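Computed from the coordinates by the stated procedures, all read-outs in this text should not be read as laboratory data. Please read all numbers here as calculations on a predicted model, not as lab measurements. Positions of Cβ are generated from backbone atoms using ideal geometry, with glycine treated the same way; all protein chains shown enter the neighbour counts.
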Amino acid sequence: MDTLPTIWFVAIAVLWIGYLLLEGFDLGVGMHMIFSTKNNVQRRVMLNSIGPVWDGNEVWLITAGAATFAAFPFWYASLFSTLYIPLTLVLLGLIFRAVAIEYRGKGATARWRRAWDLALGLGSLVSAFGIGAALALTTTGLPINENGDRVGGPFAWLNGYAILGGLAVVGFCLVHAAAFLGLKTEGSVRENARRFLVRWSPIALLPIVGWVLAVQFINGKTWTWALILVAVVAVVWAWFSARAGREGRAFTGIAVFLLFGASSIFASAFPNVLPSTLSPEFNLTVSNASSGDYTLGVMTVVAAFGLPLVFLYQGWTYWVFRKRVSETHIPDAHVVRAAVLTRES
Amino acid sequence: MELDPLLIARWQFGITTVYHFWMVPLTLGLGPIVALFQTMWVRTGKERYLRMTKFWGKLYLINFIMGVATGLVQEFQFGMAWSEYSRFVGDVFGAPLAMEGLLAFFFESVFLGLWIFGWDKLPKKIHLATLWIAVMGSVFSAFFIIVANSWMQHPVGVELVDGRPVMVDVWAVLTNNTALTAYAHTIFGALGVGGAFVLGIAWYQLWQRRKDGIDTVDATGRVIVGENPSIPSRDREDHAVWIRSLRIGAVVAVLAFGGVALTGDLQAKLMFDQQPMKMAAAEAACHDGSAFSLFAIGDLGARDCSQVVNVIEVPGLLSFLAHGDFDTEIKGVNTLVPEYQEKYGTVDANGNEINYVPIMAVTYWGFRLMITFGAMAAFAAVVALWLTRKGTVPASKWIMRLAIVGILAPFAANSAGWIFTEMGRQPFVVAPNPNPSGVDGVFMFTASAVSPGVTAGELLFSLISLGLVYGALMVVEIRLLVTYVRGGTASALPPADHSDKPDDTDKPDDVLAFAY
């Protein structure tokens, strides 16, 4: 029995879903900052709504990656080396995004702000797309040989599923961010977010629905339909809540939609962690891609102690910063002047 | 020209790692200093310590984010460019990385967010605690990374099963003696960076106060503190901010160097035992002997011994470094090569002869530059303490410039040390234990570690794109640091009320005490 590898498959699914649930909205806020408004104060409202929490959210990605390395080294090695180009783009996107969030407010000129807005918006877009493509491909398969190495050159991964997964995560992030902004801000940003949610979410969520169904039809089980059913109910409820102006319910509905939709994807793909499109014999599964039982046992102890702690203190952060941000809260930009004697010329 | 993926992958790894390791020591070194300043503020309530916290905290954050952004690349590139390595070591190497995420990096990131935005929202002491937790997160994070790296230098806690190391003792991995000494060495090295950084910038500010005529010196050399209301933040308290920062920075730098020297000595003794070839190459010690070379000429890059000429040697010192006495003979390169060939073979998988000697020019000078730059920084800190004993700095523009340039010395020492320890391990990516003090037989050649499916073009793409972005961001970071330094404490002090009350009012201003 592959008990420990199965536990770790679930743990990694939890980490990825946690990542999409949390960083999903801050990636989306980054995109909304360039696509939804040109007004600087509105942009700062959006940015400050994620300010205290975005860095903690990103750690879910780091931990998901490291946990994959520790628990399923063969999955980690095959997936990351096969997706060399898209992951390089993801890294570039994440670098620009992180630096933009911290540096945007540290310069006072309009040019400085424009440059960092672009870095933040495009960085978020590229990262979300790349991560979506990577996740979709790990559920639908990559051209890997018996050693787990890619066959067919740098772009062998590029197919319809990659694009579908990329669009799915981008679309989800935009919707999730709109729900988040509706919940966390006040005034015009809140109004715009609600309008976006009602008008665009049915279209923006189509790709993720496509991905869920694709994996379900390739490899699904009967019981995973139940998960999909819950996801559908949740998203419909979210949409009606948004229309009624119930932002808390809308956000919860979107979150439940992701939780169950993504769970159905992981559950359908199980026991494969990375199927091979060349031959089913080369599939990486929970049993042939995992670390030894000792390593998994150690990691289980660490996770059993660490994860609940993370839930606790990260949850506390959201409690501390629970208030809505509005345009009246945004102080004037802080201009830095040199503290030296200015010579009269 | 045929591009060699291995060569590009190595350059890519080297460049991204050394770059990341410019940000990390400053984060590790400056963090505790900022936390110390805030502790002093909470305990004494003195305005100067608040300003110190805010000013150095701002510089800390500007640097911190670059460490975060470049750290992601570190984690991803093992799988991307070194998939065979990842498969080989995954059972043991991934565990400390995952522990870093779960037990350290989450603390660091979440609590730093609480610290940045928690001014005025959290009670004073809890707000102080958030910074200490974030700083401890960084320090623990470094521990797990060093554990992972040290396992590559000295594999322990595993058994070979079907040619692959399988972890059997996580405690052995976490308490690897190589890891413990390297960790202490790295933390002290980082504190040296933090101390010199604070020292150099504080020196510049005190010098600026003298140049602008705010501070003057009386006949006995004692400083007369003045103020200039027309310049932001240049009041009487400002002087205290900088002189306190400077002297604390200098003390940290001096103590750190002491720690670096002690732990470095322990490391050297372990290295003679665990990686004899690395130390022999670092000494350009071709023949067996006991002399330590201070200066050598000849073609150190040739990776053999025929052309190395040691110009200045100290008899007995090498023995002392290795064993604590003056006459034990240390094996030289010419003795070690046949031993390695016998144990680990003479040709690699492609039939090429294996060269067991790391590039001597890099190891030899890397080792010496590390020690020289580290000692220079410590010496400068002692001089700075002496020169500022009466409360200000000399008016000399040249000494000020030296103090600024001096900030770079510990960075250089850290980089040289890092390059030495990584290049000295070649041609292995996981080094074996020739004098088995770990698990014998666990090793991997760097040439076998690279991803088989990845093309040279892909590697080149990431090397160039990351290289360009890193270069541009370095310019941006330094420009921002310079701007905020020139702004003095006013640059980091938006007007705010720092009374000790939790967030219970509904004034609109309470939502964002700090805003991007």
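Descriptive notes on the structure:
- Highest average packing first - B:350-356, B:60-66, Cβ atoms within 10 Å: B:60-66, B:350-356
- Ordering B:M423, B:M80, A:M33 from the fewest to the most neighbouring beta carbons within 10 Å gives B:M423, A:M33, B:M80.
- Cα-derived Rg to Rh of the range B:44-111, Kirkwood definition: 1.21
- Test item: B:481-488 mean partner chain Cβ contacts at 10 Å: 4
- Calculated FRET efficiency, A:E191 to B:L262, Cβ-Cβ distance, R0 = 60 Å: about 0.45 to the nearest 0.05.
- Gyration tensor (alpha-carbon) shape descriptor, chain B, a/c threshold 1.5: prolate
- Averaged over peptide B:108-121, the number of partner chain Cβ atoms lying within 10 Å of each residue's Cβ comes to 5.
- Neighbouring partner chain Cβ atoms per residue of B:66-75, average, 10 Å criterion: 6
- Over the protein assembly as shown: helical MRE at 222 nm, DSSP H runs n ≥ 4 each giving -39500 (n - 2.57), nearest 500: -23000 deg cm²/dmol
- Stretchable slack from B:L255 to B:H323, in nm (0.36 nm times residue separation minus alpha-carbon distance): 22.0 nm
- Overall form of the range B:413-487 per C-alpha gyration tensor (a/c, 1.5; a/b vs b/c): oblate
- Between the range B:73-92 and the range A:256-278, the alpha-carbon center distance in angstrom: 24
- Placing a pseudo-label 7 Å from each Cα along the Cα-to-Cβ vector at B:A472 and B:W171 gives an inter-label distance of 5.2 nm.
- Global geometry of the protein assembly as shown, whether rounded, prolate or oblate, following the gyration tensor of its Cα atoms and the 1.5 cut on a/c: oblate
- The range A:3-329 - Kirkwood radius from inverse mean 1/r over Cα pairs (Å): 20.2
- Whole-Å distance, taken between Cα centres, linking the range A:29-64 and the range B:184-218: 35
- Between A:T3 and A:I218, the contour length at 0.36 nm per residue exceeds the alpha carbon distance by 74.9 nm.
- The calculated FRET efficiency for A:L309 paired with B:A219, based on their beta-carbon distance and R0 = 51 Å, is about 0.25.
- Exposure proxy for A:L174, B:L317, A:L27: other Cβ atoms within 10 Å of each Cβ, ordered fewest to most, give B:L317, A:L174, A:L27.
- Of the trypsin sites (Lys or Arg not before Pro) found in the range A:32-113, those in coil by DSSP whose Cβ has at most 16 other Cβ atoms within 10 Å are A:K38.
- Over 32 Å apart at the Cα level, from the set B:K125/B:K390; A:K184/B:K125; B:K54/B:K211; B:K125/B:K397; B:K278/B:K397; A:K221/A:K323, are B:K125/B:K390; B:K125/B:K397; B:K278/B:K397; A:K221/A:K323.
- Computed over the range A:1-140, the quotient of the alpha carbon radius of gyration and 2.2 N^0.38 Å is 1.16.
- At least 18 Å along the helix axis (C-alpha) and Kyte average at least -0.5, DSSP helices within chain B: B:5-44, B:47-81, B:83-100, B:124-153, B:177-211, B:236-274, B:360-387, B:408-423, B:456-486
- For a label point 7 Å along the Cα-to-beta-carbon line of B:V383, residues of the range B:240-268 with backbone N under 19 Å: B:246-258
- Förster radius 45 Å - calculated FRET efficiency between B:L294 and B:A395, Cβ distance, rounded to 0.05: 0.75
- Sorted ascending by nearby beta carbons within 10 Å, beginning with the fewest, A:H334, A:H176, B:H127, B:H185 become A:H334, B:H127, B:H185, A:H176.
- Separation of the range B:374-404 and the range A:295-320, taken as the distance between their Cα centroids, equals 46 angstrom.
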